[in-house]
Amino acid sequence: MIDWTLILEWFIKAAISCFVLLTGFAYMTFAERKVAALLQVRIGPNRAGPGGFFQPVADGIKLIFKEEFIPGGADKVIFMIAPIITVIPALIILGVVPWGPTVTLFGRKILLGITDLNVGILYILSVASIAVYGIVLAGWSSNNKYAMLGGLRSTAQMVSYELSLGLAIVGPLLLAGSMSLGDIVNAQSKLPFILLQPVAALVFYVAALAEVNRAPFDMPEAEQELTAGYHTEYSGMKFALFFMAEYIKMIGVSAIFTTLFLGGWRGPFADLGAPQLPAAFPEPLVQFVGGLDLGLLGLIYFWAKVAASLFFMIWLRSTHPRLRYDRLMALGWKVMLPLALANVMVTAAALVSPVAFWIIIGVLVVVVAAYLAGRVGLAVRGT
């Protein structure tokens, strides 16, 4: 028998998720401009509404009334659908991320999250790999050399850093023994995995920045070289969709980072359920407090951690210069990938036995020493 109540619950949670992401995208642009202004000793947007609060609304209205332009020689169908292909994965990737614990509302137990797949990690990796298609199709269909170069750069960058991203996720997966994000959060009840997997956390965060094309990894849209990269020929709402996808992906990767390494929704009192007052208190107060569920605190903890991650991304963009393209690719293949592989080996060995752990550590020390000796030798011969 079909449980229509459960289906309605899914629809409501999906609608809430889309609303949060779309509203978050709009005010992420405002927050970025305000934080960047603060770091650069400027005022920032302050005209539309009190303190510039309605600036995202003004920007949205302006983009709606912009002219929709399709360049001559462009593949019109692909040119039109490329922004949609880019934004849809950004919207659905949070479908398996738990926002909080299971709480009791209106006499019904409700999971604070759309669903908890037992293969949630695979879902995230699969959806994340789709986004590159929209970008490369946008570059190819525009019939513009700068857009094409931006699309090719983005493809190479995202494929390169996806390897490190996937391997960085393996560490928390091994520690939790499950691909369910809910199980991974529960496994962090005593310690967040960022303390047990600092290398994996660093690799994941750097690779995530490269995946969403954020500075200092924004080579696909480098203004000084490619005008605007893959979206050079886009305007109006089609341009807004690319803009939307970038900021929604920032929220998405921050939420995934929070879930994998920062304990997700876990925090003080978040898993205590409904508090119970002694019978000495007045009956109405006992009933009111008993109807509250402290699991709702998990929502606050979760989004506070996500906000901290987003602030760090804005801070990086405002303070770090863009990497040169060859160095960006070298960082992915020569630094991030070996670090991620080494972390997987050490984690797996530590879970198998202490002896295997120390053997792997010894091998890695020898390899690093040999590499450093080789670099020193090259430097000496060069002088």
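The values are calculated or read from the model by the stated rules, or taken from the named source; none is laboratory data. Computed from a predicted structure; not experimentally measured. Heads up, the Cβs are rebuilt from the backbone with ideal geometry, glycines too, and the neighbour counts pull from every protein chain shown.
Regarding residue 154, is this residue under 30 Å from residue 69 (Cα atoms) and buried (at least 24 other Cβ atoms within 10 Å of the Cβ)? Here the answer is yes, as residue 154 does meet what is asked.
Of all residues assigned to the stretch 265-278, at least one qualifies as being modelled with pLDDT of 85 or more and outside any helix (DSSP H, G or I).
Only one of these conditions is not met by residue 203: (1) within 20 Å of residue 313 (Cβ to Cβ); (2) modelled with pLDDT under 85; (3) surrounded by 19 or more Cβ atoms within 10 Å (Cβ to Cβ). Which number is it? Every condition holds for residue 203 apart from (2).
The single condition among (1) within 30 Å of residue 315 (Cβ to Cβ); (2) at pLDDT below 80 that residue 112 does not satisfy is (2). The set of residues from the stretch 107-124 being charged (D, E, K, R) and in contact with a strand residue (DSSP E or B) (Cβ under 6 Å, 6 or more places away or on another chain) comprises just one member, 109.
Just one of the numbered conditions (1) assigned to a helix (DSSP H, G or I); (2) closer than 19 Å to residue 124 by Cβ is not true of residue 240: (2). In the stretch 198-211, the residues that are closer than 9 Å to residue 161 by Cα and touching a residue at least 24 places away in the same chain (Cβ under 8 Å) reach residues that are of a type outside the set (D, E, K, R) and not in a helix (DSSP H, G or I) with C-beta atoms within less than 6 angstrom, at least six apart or across chains, in these pairs: 210/217. Where helices (runs of 4 or more DSSP H) sit wholly within the stretch 1-117, those with at least 3 residues that are in contact (Cβ under 8 Å) with a residue 60 or more places away in the chain and surrounded by 13 or more Cβ atoms within 10 Å (Cβ to Cβ) occupy 4-39, 76-92.
Residue selection: residue 164 satisfies the criterion of being modelled with pLDDT of 90 or more and among the polar types (S, T, N, Q).
Given 20, 57, 96, which one is out of contact with any Lys or Arg (no Cβ under 9 Å at 6 or more places or on another chain) and farther than 25 Å from residue 131 by Cα? Break it down stepwise before answering.
Numbers: 20 fails: farther than 25 Å from residue 131 by Cα; 96 fails: farther than 25 Å from residue 131 by Cα.
Within the list 20, 57, 96, the selection yields 57.
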